[in-house]
Amino acid sequence: MLSKYLKKESLPTPWCPGCGNGSILRAVCSAFNDLQFEKDNVVVVSGIGCAGRSAGFFDLDSIHAAHGRSVPVAEGIKMVNDALNVVVLSGDGDLLGIGVNHLIHASRRNSNITVVCFSNEIYGLTGGQSAPTTPTGTKTLTSPDGYNEITMDIQPLLKSHNCFYAKSTVYHYKHLEQCLTAALKYDGFSFVDVKVQCITNNGRRLGFNNATEMLLQFKENYMINERPAFLEPEELGITKCS
Ligand SMILES: Cc1ncc(C[n+]2csc(CCOP(=O)(O)OP(=O)(O)O)c2C)c(N)n1
Ligand code: SF4
Ligand SMILES: [Mg+2]
């Protein structure tokens with residue numbers, strides 16, 4: 001039933017076995033279904049990357065924008081037709097690296113779009129280079145001795161613009177669905193940060209034997225806060241919902 005939003009020929013997706021991106025795709029379809037979105041009143045926009053392939057899988061109007069440019073494209077669509085639900089599905093490198101300038105201004109303008117960030121903490125598609133979201137000290141393709149920069153924390157910036165900010169993981173699947181539904185219902189700029197495993201270009205280098213081990217670290221490392229004003233690093237939740 002949820003697959004009604006997807007192109008049959010796009011399944012199975014080309015994502016690696018064990019990649020967590022498919023769980024996000026499913027949760028997004030589930031949220032669309034909960035909100036009874038019709039295919040002709042949703043538009044999905046993605047940038048470039050493994051996560052950025054998402055737009056191409058939907059059986060509705062979708063745009064695969066240039067790297068880092070999904071947010072302004074989404075804003076433009078919303079400006080032209082306010083009746084549409086406009087959703088960005090893209091990677092942490094795309095949204096918080098090359099495209100972060102657009103995120104800052106879209107949130108500042110309170111553009112009425114929903115942005116779902118696939119946070120695998122690296123540039124997955126291109127081989128596992130460090131991204132702004134890479135935890136300090138982590139070994140990546142471009143930081144074999146450990147990433148020596150400070151990790152970006154987008155929450156304070158978005159909260160300074162009084163935005164909806166939610167965080168979940170693919171392990172906490174039901175919670176993820178709730179975050180996405182609340183974000184899509186929210187009247188204003190909403191951002192859902194989703195921790196997701198990239199086993200191929202991150203997990204293996206970090207010593208995980210398989211995707212399940214990597215998925216279970218989310219269970220160990222995060223807990224749900226039901227009524228947060230602001231999320232601590234190990235907390236998941238919805239910080240604004242009207
Ligand atoms: C302007 C430009 N610069 C660089 C690239 C190469 N590139 C393609 S995908 C990507 C990173 C994607 O990382 P992320 O958004 O985190 O997505 P993931 O693959 O991790 O899901 C990069 C640097 C590009 N396609 N265009
Ligand atoms: S490289 Fe990583 S993010 Fe990309 S499809 Fe494979 S597991 Fe997923
Ligand atoms: Mg990434």
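Consider residue 217 against the criteria (1) outside any loop (DSSP other than H, G, I, E, B); (2) modelled with pLDDT under 95: it satisfies all of them except one. Which criterion is unmet? With respect to (1) outside any loop (DSSP other than H, G, I, E, B); (2) modelled with pLDDT under 95, residue 217 is out only on (2). Selection of the range 224-240 for residues being of a type in the set (A, V, I, L, M, F, W, C), surrounded by fewer than 14 Cβ atoms within 10 Å (Cβ to Cβ) and within 17 Å of residue 180 (Cα to Cα) yields an empty set. Among the candidates 210, 221, the residue that is within 16 Å of ligand 2 (Cβ to nearest atom) and surrounded by fewer than 17 Cβ atoms within 10 Å (Cβ to Cβ) is uniquely 210. The residue of the range 152-173 that is surrounded by the fewest Cβ atoms within 10 Å (Cβ to Cβ), among those that are part of a loop (DSSP other than H, G, I, E, B) and within 17 Å of the chain's Cα centre (by Cα), is 153.
Taking the listed residues 93, 52, 18, 68, the one that is in contact with a Ser or Thr (Cβ under 7 Å, 6 or more places away or on another chain) and closer than 28 Å to residue 203 by Cα is 52, with no other qualifying. Restricting attention to the range 188-207, the residues being more than 9 Å from ligand 2 (Cβ to nearest atom), assigned to a loop (DSSP other than H, G, I, E, B), in contact with a strand residue (DSSP E or B) (Cβ under 9 Å, 6 or more places away or on another chain) and not aromatic (Phe, Trp, Tyr) number 1.
Beta carbons closer than 7 Å, at least 6 apart along the sequence or on distinct chains, pair a first residue in the range 86-97 that is touching a residue at least 60 places away in the same chain (Cβ under 8 Å) with a second that is assigned to a strand (DSSP E or B) and buried (at least 24 other Cβ atoms within 10 Å of the Cβ) for 87/44; 87/114; 87/116; 89/44; 89/46; 89/116. The residues in the range 31-63 that are surrounded by fewer than 17 Cβ atoms within 10 Å (Cβ to Cβ) and without any contact (Cβ under 8 Å) to a residue 60 or more places away in the chain can be counted, and the count is 9. Just wondering, is there one or more residues in the range 103-114 that are more than 16 Å from ligand 2 (Cβ to nearest atom), among the polar types (S, T, N, Q) and under 19 Å from residue 195 (Cβ atoms)? Yes, the range 103-114 has at least one match.
From the list 115, 87, the one residue that fits, being buried (at least 24 other Cβ atoms within 10 Å of the Cβ) and away from ligand 3 (no atom under 16 Å from the Cβ), is 87.
The values are calculated or read from the model by the stated rules, or taken from the named source; none is laboratory data. Being a predicted model, the structure only gives us computed values, none of them experimental. No Cβ is skipped: glycine too gets one built from the backbone with ideal geometry, and neighbour counts run over all protein chains shown.
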